[in-house]
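Taken together, the values in this text are just the output of simple stated rules run on the coordinates, not laboratory data. As the structure is a computational prediction, the values presented were derived from the model and not from experiment. For neighbour counting, all protein chains shown are included, and Cβ atoms are generated from backbone atoms with ideal geometry for every residue, glycine included.
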Amino acid sequence: MENLPLDHCAYKIVEPEALTSSVVFASPHSGRAYQGSFLKSSILDDLTIRSSEDAYVDQLIACVPGFGAPLLTAKAPRSFLDLNRAEDELDPALITGVPSAKQNPRIASGLGIIPRVVANGRAIYRGKMSKETAQARIDTYWTPYHKALKALLARAQTKFGRAILIDVHSMPHEAVAPTGRVHQTTEIVIGDRFGASAESRLAENVLDIFSSHGFRVARNAPFAGAYITQRYGRPHFNQHVLQIEIDRALYLNEANITPSEQFEFFRQRLRKVLAEIAKTGAAERSLAAE
């Protein structure tokens, strides 16, 4: 891996004592370094502005370096800049000088690289920002994070013959709550963009690991993966990406965004799953060498 800083204003990398797994774990949406200038520019209160955050996911997966895999976590909050968007997904309703012709459904709903809204469509700002301000955020936070992610994947590819990115997120409980047709809550959603971002065997293996530890798991519904999964998933080149979505009700008080009484219990359950996933990556080393 090129000589990247392990601690940057945009991210933090925690390395294992010995790199033994082709898996890279990442959490792009758990950043909670809310700058005072950003909070002052928003019309939201300090709690509401956190509603899009994958709160404490970085703490849930902090154990993975102990299993021989690196951990990459974001510092900037998702409401400030979304690392799971392309750098050109600029919102003309928020950023001056941006043409409206290139809009996609994410941008139109206010969820571009610089979000206009948080959860439930609540506006973050009163007015617009300049394109220069938006570009400065991208240059300072988006670009370094993705440079670091690329370097970690390239190193795994070089050392093990393949790279596996496990991109960990959390989802609101209401997204997977039981309906009239579904009587049990899905707790974990594994996204592989319907086979486009990872070998089916790998996705099935990770699904089986979660299931074997008692989790109710779905694949690609309701979340199949967004920019990171699409951008870095290249199974034909032995680079695989799985997006993992965790029901926040398992560990979080969603109303006040604080760890629930079940936080530590859930973290220990998840630890066993993560250990097995990392071990799968280590096992692939011998396969690649054959």
Problem set entry | Dipole magnitude of region 90-132 about its Cα centre (Cβ charges: Lys, Arg +1; Asp, Glu -1), debye to nearest 20 | 80 debye
Problem set entry | Percent of beta bridges antiparallel (DSSP, region 127-265, rounded to nearest 5) | 35 percent
For this session: Starting from the Cα of Ile43, move 7 Å in the Cα-to-Cβ direction to define the label point; list residues of region 97-129 whose amide nitrogen is under 12 Å from there.
Result: 117, 122-128
Exercise. In degrees between 0 and 90, to the nearest 10, how far off the longest principal axis of the chain does helix 143-160 point, with axes built from Cα atoms?
Worked result: 10 degrees
For this session: Could you size up the charge dipole of region 24-101 around its Cα centre, putting +1 on the beta carbon of Lys and Arg and -1 on that of Asp and Glu, and report it in debye to the nearest 20?
Result: 220 debye
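Percent antiparallel among DSSP beta bridges with both residues in the chain, to the nearest 5? Write out the running numbers ahead of the final one.
Working: 14 of 34 bridges.
In the chain, DSSP labels about 40 percent of beta bridges as antiparallel.
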Exercise. Each label point is 7 Å from the Cα along the Cα-to-Cβ direction; what then is the distance between the points at Lys272 and Glu15, in nm?
Worked result: 3.2 nm
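In Å, the Kirkwood hydrodynamic radius of the chain over pairs of distinct alpha carbons? Please report the intermediate quantities before stating the final value.
Numbers: mean 1/r = 0.0514 Å⁻¹.
Over the chain, the inverse of the mean reciprocal pair distance is 19.5 Å.
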For this session: Taking the Cα centre of the chain as origin, work out the dipole magnitude from +1 charges on Lys and Arg Cβ and -1 charges on Asp and Glu Cβ, in debye rounded to 20.
Result: 440 debye
Exercise. Which one of Ser212, Ile95, Thr73 has its Cα pushed farthest toward the positive end of the charge dipole of the chain, where Lys and Arg give +1 and Asp and Glu give -1 at the Cβ?
Worked result: Ile95
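Based on the Cβ-Cβ distance from His213 to Ala175, what FRET efficiency comes out when R0 is 35 Å, to the nearest 0.05? The partial results should precede the final answer.
Working: r = 22 Å, r/R0 = 0.61.
Given R0 = 35 Å and the Cβ-Cβ separation, E is 0.95.
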For this session: Report, in degrees rounded to the nearest 10, the 0 to 90 angle that the Cα long axis of helix 263-289 makes with the longest principal axis of the chain.
Result: 60 degrees
